[in-house]
1. Over the chain, what per residue volume does the convex hull of the Cα atoms give, in whole Å³?
2. So what is the relative contact order of the chain, in percent, for Cα pairs below 8 Å that sit 6 or more residues apart?
3. Need one number: the % of Cα-Cα pairs in segment 100-182 sitting beyond the 16 Å mark.
4. Taking 8 Å as the Cα distance limit and 6 or more residues as the minimum spacing, I'd like the relative contact order of segment 91-190 as a percentage.
5. Using helices alone, what [θ] at 222 nm do you get for the chain, with -39,500 (n - 2.57) per DSSP H run of 4 or more residues, divided over all residues and rounded to the nearest 500?
6. Roughly what % antiparallel, to the nearest 5, for the DSSP beta bridges in the chain?
7. Hey, can you rank 272-278, 227-233 by average C-beta count inside 10 Å, highest first?
8. Taking the DSSP beta bridges in segment 100-182 as the whole, what percent of them are antiparallel, to the nearest 5?
Amino acid sequence: MKLRIGTRGSTLAMVQTEYIAGLLNDLGIETEIMIVKTTGDKDQNKKLADLGIGVFTKELDNKMLENEIDIAVHSLKDVPTLWSDELQITATPKRESPDDIIIWRKDCDFDIEHDELNVGTSSIRRTSFLQFTNPNLTPKLLRGNVATRINKLRNGEYDTIVMAKAGLVRQGIDLSEFNYKKLDILPAPAQGVIGVASRKADTKINQVLEKICDKKTYIEATAERWALKEYGGGCQAPFGAFAIYDTEEGILNLRCELVDEQGTIKRVKSNEGFIICTTDDVELSKELGARVGASFKEIETFTY
């Protein structure tokens, strides 16, 4: 069997795709990597929220639906929760760190907690939570790949930047010249998870992909994504979610937070729940996610 793997062409996307290809090669599966340029890759200037839904995924989805590729490798947090009925996330290898970290130069004598600083990010979620927890930080649009963002910080275009730790770890980025710390906010649903997408009808391919799936990661990511799906906010909502599955006790815990913005007033609404299940009980993880996500529907429309 030979699988055509679709991916974006960024360094991080290629690292993740080569990792998946390696897992498949270990199973005796031949692979061919095919690079697809997405809307998010083509436009590096606009806010992601202004580019619409699936800015890093829809071109790959179309290639799968047109049978030009067999599977696609995504950062799962970028995949819309409302998706084609013909496609599915079939495999998730073990999750990398879900944390967000804030980074600044060592030669800058900043007090991150109190100084008036700008912070580079393109995420509405990060912007909203930062403005709630650190009102001294002013968001400034930051786009580009990991190396570009780091260079913009190094060159003084930003006081600080916020990035997902997983992308830095996967690329082996050395941050020794910078100061950094973990942000005390919940990650985006499925942050740090690689999602391998395929066509639902491709039974043989899906059976192969299941062999590279970490079930603990899959059930946790499913709960997080279904919470967001039930809330209905989309990938760019100021919504954080994090699930932990206790393999010994068989308990799946899920915590979610949402920034409620009404004019200049901000508050964080938090809710959590748990369910007893096994790693094969994907439907129960969806049920937990939907239950927790539904609790946020009473919050009114956001203003940015």
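Rule-based calculations on the coordinates, nothing more; no lab input. Everything numeric in this text was worked out from a predicted model, so none of it was measured. Virtual Cβ from ideal backbone geometry, glycine too; neighbours counted across all protein chains shown.
1. It is 132 Å³ per residue.
2. 20
3. 46
4. Worked out over segment 91-190, it gives 47 percent.
5. -9000 deg cm²/dmol
6. Given both bridge residues lie in the chain, the antiparallel proportion sits at roughly 70 percent.
7. Order by mean packing, descending: 227-233, 272-278.
8. 60
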